[in-house]
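A.B. asks: Dropping the structure in here first, questions after.
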Amino acid sequence: MSSPLPLVTFRNLKKKFGAHSLFNDLTLGFSQGERAGLIGPNGSGKSTLLRIAAGLETPDKGEVICRRDCRVVYLGQEDSFPSGCSVEEVLLDAVKDETDEVSLHVRINRMLSQAGFADPSENADNLSGGWLKRLSLARALVQEPDLLLLDEPTNHLDVLSILWLEDILASARFSFVLVSHDRRFLERLCNTVIELNQVYPDGYFRVKGGYSRFIQERFEFISAQQNLESSLSNRLRRETQWLRRGPKARTTKAHARIEAAAELGERLDDLRSRNRMGRTVEISFDSTGRKTRKLIRARGISKELSGRRLFHDLDVTLGPGMCLGLAGDNGCGKSTLMNILAGRMQPDSGTVKHADGLKIAFFDQKREELDKTLTLRRALAPDGDMVQYQGRMIHVAGWSRRFLFRDAQLDMPVSYLSGGEQARILIARFMSEPADVLFLDEPTNDLDIDSIQVLEESLLEFPGAVVLVSHDREFLDNLADQIIGFDGRGGTAHYASVDQWIETVLRGSPGRKTGSRKKKAASGKSGKSGKPAKRLSYKEQKELEQIEERILEAEESLDRCRAMVESPDIIKEPSKLALWCTRLQEEQERVDALFQRWEELEGKANGSWK
């Protein structure tokens, strides 16, 4: 079986930016039929490698070999078009060198239709960020590339636009290389995953298969490399002890063995250096430890902007340990709802009540709170060279290293830092102040995958409440225990997962309130449901108002029983274990009964109970 034809090959590539080396003798290539996901830490050179492949940047040393008949098309992170052009003219300009005008117009119209542009004469200057990205994608695809290079193509795309792009790339006949931190996107599209990272001997690690297979093989490789470091360290220690013996031992020692010991030391130093490069950001959020059951309670809130309804008569209750995810198209009102819940904006109607002394931390996707004229040192420590964290003082140099900044960057202006590095500054600010509620608006933008996973784990451990907007489906599903989905027409509904919201939107039907038990108990009513009192008796209405508290209390009791059943002391005593197992079953039945009653009352209130 013949190997795939190479499209672009890099040989002994070297590239530096200042004192920072991106590549050192990097040799790899992309082949026909390959759908490669290119990942790696911020600053590892992913974007630079794509630009070198596209001929937009030159390496310091080495060569780039491109197959002579290969059409390489590059789609960068920034979207720019000639001013005053229509969407059709943007695509025409991209293929202006082609001569068959009839087939060209057919191709362009088909591409515009596929991208969702109903009016070819629409001015590109008037497009929103998400639609600008769609136009950039359409411009790249209409050129019919042999190799398409995509740098963070899902940035600024909402979930449904990401699904559209997935469908396009899944059915593509061309090869592509995409830089992305969206794990689900990588898993669904890629047949090869390559990580650029100096932790590997060749500067990269390549796996044939999807992202999940890559994770498994990378774990095995890194574990083996760490075990090898331990083994080499023991060998070198033994050799060093032998060499330190008296003169008689040294004279009987073979000269070749002495040289081998020196080579072993060099190899170990290199291995240690690479293993240290594999460290990740240290993220841990500090909570106030507040025990208040209801941190934020919104009732009947509505909002319109520019005459367009975003949401209406929406109820939200947030308590400790909850994570509320917001899903919807760009511009549907997710960020507006976050700002209203955080008290940074007022609703048109309804009320938002915060617990007394509530402490809030807000991560703004627009980076509006980051003064880019400041140095990194002042951005991390505004009042000196010390940062207070969890009751102790940490020097700014040590604090910056937690977020993978180098000491040489401390006096560098924030404007010189990458998007991922700027995002890490905001996360550092998050960590330095205790909070009851974290609001995160697209926190994964520009972060590498390892940083996203550390952020994910830290948020799961955060004891306060979290409100999260993200187009990263994996991130949102792993964290959110309830989803409010926006239909783009002013309607909202509660869902158990992002996929459930997507299915509802694709069917074109309004969502229904759903979710896990904990989600249902905490979320309140959908904005479209109307006031329950119209269909309930007075007694039933009072029962419905109180049942949320009863469910939460029952779940706490259930958790206590479960903890006792799993306790090592109880497991050792069969009689006590049997007693607690019986209690656990009783508490589970009580919770089930309360949820059944809650669903009955909610259904009756909405007129849907049969």
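The values are calculated or read from the model by the stated rules, or taken from the named source; none is laboratory data. Everything numeric in this text was worked out from a predicted model, so none of it was measured. When we count neighbours, we look across all protein chains shown, and the Cβ atoms used for this are built from the backbone with ideal geometry, even at glycine. To get the accessible areas, we keep the full protein, side chains included, count just its heavy atoms, and leave off ligands, DNA and RNA. Shrake-Rupley method; radii C 1.70, N 1.55, O 1.52, S 1.80 Å.
A.B. asks: How far apart, in nm, are the 7 Å Cα→Cβ label points at residue 503 and residue 563?
C.D. replies: Label-label distance for residue 503 and residue 563, simple model: 3.5 nm.
A.B. asks: In nm, give the distance between the simple-model label positions of residue 392 and residue 553, each being 7 Å from the Cα along the Cα-to-Cβ direction.
C.D. replies: Placing both labels 7 Å along Cα→Cβ, they lie 4.1 nm apart.
A.B. asks: If 494, 312, 156 are ordered by their accessible area, calculated over protein heavy atoms with a 1.4 Å probe, which sequence runs from highest to lowest? Please list the in-between numbers first.
C.D. replies: Values: 494 5, 312 80, 156 105 Å².
Solvent-accessible surface, decreasing: 156, 312, 494.
A.B. asks: Another question about this same structure. Leaving out ligands, DNA and RNA, and with a 1.4 Å probe, what % of the accessible surface on the stretch 84-214 is carbon or sulfur? Spell out each step's value before the answer.
C.D. replies: Values: 2350 of 5210 Å².
Roughly 45 percent, rounded to a whole number.
A.B. asks: Separate question: About its Cα centre, how strong a charge dipole does the stretch 50-185 have in debye, to the nearest 20, once Lys and Arg get +1 and Asp and Glu get -1 at the Cβ?
C.D. replies: On the way: 14 positive and 24 negative charges, 96 e Å.
I would put it at about 460 debye.
A.B. asks: Turning to a different aspect of this structure: Quick one: Cα centre-to-centre distance for the stretch 416-484 and the stretch 563-602, in angstrom?
C.D. replies: Taking the Cα centre of each part, the stretch 416-484 and the stretch 563-602 sit 34 Å apart.
A.B. asks: Hey, another quick one. Enter the accessible area per residue of the stretch 439-502 (Å², integer; probe 1.4 Å; all protein chains in place).
C.D. replies: Details: 1500 Å² over 64 residues.
It amounts to 23 Å² per residue over the stretch 439-502.
A.B. asks: At a Förster radius of 35 Å, what calculated FRET efficiency corresponds to the Cβ-Cβ distance of residue 599 and residue 349, to the nearest 0.05?
C.D. replies: Working: r = 28 Å, r/R0 = 0.80.
With R0 = 35 Å, the Cβ-Cβ based efficiency is 0.80.
A.B. asks: Work out how much length residue 17 to residue 118 would gain on full extension: take 0.36 nm times their residue separation and subtract the Cα-Cα distance, in nm to one decimal.
C.D. replies: On the way: separation 101, 0.36 × 101 = 36.36 nm, distance 4.38 nm.
Full-extension gain reported as 32.0 nm.
A.B. asks: Using the Kirkwood formula on the Cα atoms of the stretch 442-490, what hydrodynamic radius do you get, in angstrom to one decimal?
C.D. replies: One decimal place: 11.9 Å for the Kirkwood radius.
A.B. asks: Calculate the length of the line joining the C-alpha centroid of the stretch 315-384 to that of the stretch 86-127, in whole Å.
C.D. replies: 39
A.B. asks: Still on this structure: If the chain between residue 221 and residue 80 were fully stretched, how many nm would it gain, using 0.36 nm times the residue separation less the Cα-Cα distance? List each step's numbers first, then the result.
C.D. replies: Values: separation 141, 0.36 × 141 = 50.76 nm, distance 4.10 nm.
Working it through step by step, the gained length comes to 46.7 nm.
A.B. asks: Ok, one more. At 1.4 Å probe size, with no ligands or nucleic acids counted, give the accessible surface of residue 9 in Å², nearest ten.
C.D. replies: Counting only protein heavy atoms, residue 9 exposes about 30 Å² to solvent.
A.B. asks: What do you reckon, how do 477, 119 stack up by accessible area (1.4 Å probe), largest on top?
C.D. replies: Output order, biggest surface exposure first: 119, 477.
A.B. asks: While we're on this one: Assuming R0 = 30 Å, can you tell me the calculated FRET efficiency for the pair residue 95 and residue 128, based on Cβ-Cβ distance, to the nearest 0.05? The partial results should precede the final answer.
C.D. replies: On the way: r = 25 Å, r/R0 = 0.83.
After rounding, the FRET efficiency stands at 0.75.
A.B. asks: For the stretch 86-183, with every protein chain kept in place, what is the accessible area per residue (1.4 Å probe, Å²)? Please report the intermediate quantities before stating the final value.
C.D. replies: Details: 3980 Å² over 98 residues.
Roughly 41 Å² per residue, with all protein chains present.
A.B. asks: Amide H to amide H under 5 Å from residue 374: which residues, 5+ apart in sequence or cross-chain, H placed 1.01 Å off N in plane?
C.D. replies: For residue 374, the qualifying residues are 414.
A.B. asks: Between residue 68 and residue 109, how many nm apart are label points set 7 Å from Cα along the C-beta direction?
C.D. replies: If labels sit at residue 68 and residue 109, their model points lie 3.8 nm apart.
A.B. asks: How do 549, 89 stack up against each other in accessible area, from largest to smallest, with a 1.4 angstrom probe? Don't skip to the end; give the middle numbers.
C.D. replies: Working: 549 55, 89 90 Å².
Result, largest first: 89, 549.
A.B. asks: Here's something else I'd like to know. Nothing charged except the Cβ atoms of Lys and Arg (+1) and of Asp and Glu (-1): what's the magnitude of the dipole of the stretch 377-498 about its Cα centre? Round to the nearest 20 debye.
C.D. replies: Numbers: 10 positive and 20 negative charges, 84 e Å.
Here the size comes out at about 400 debye.
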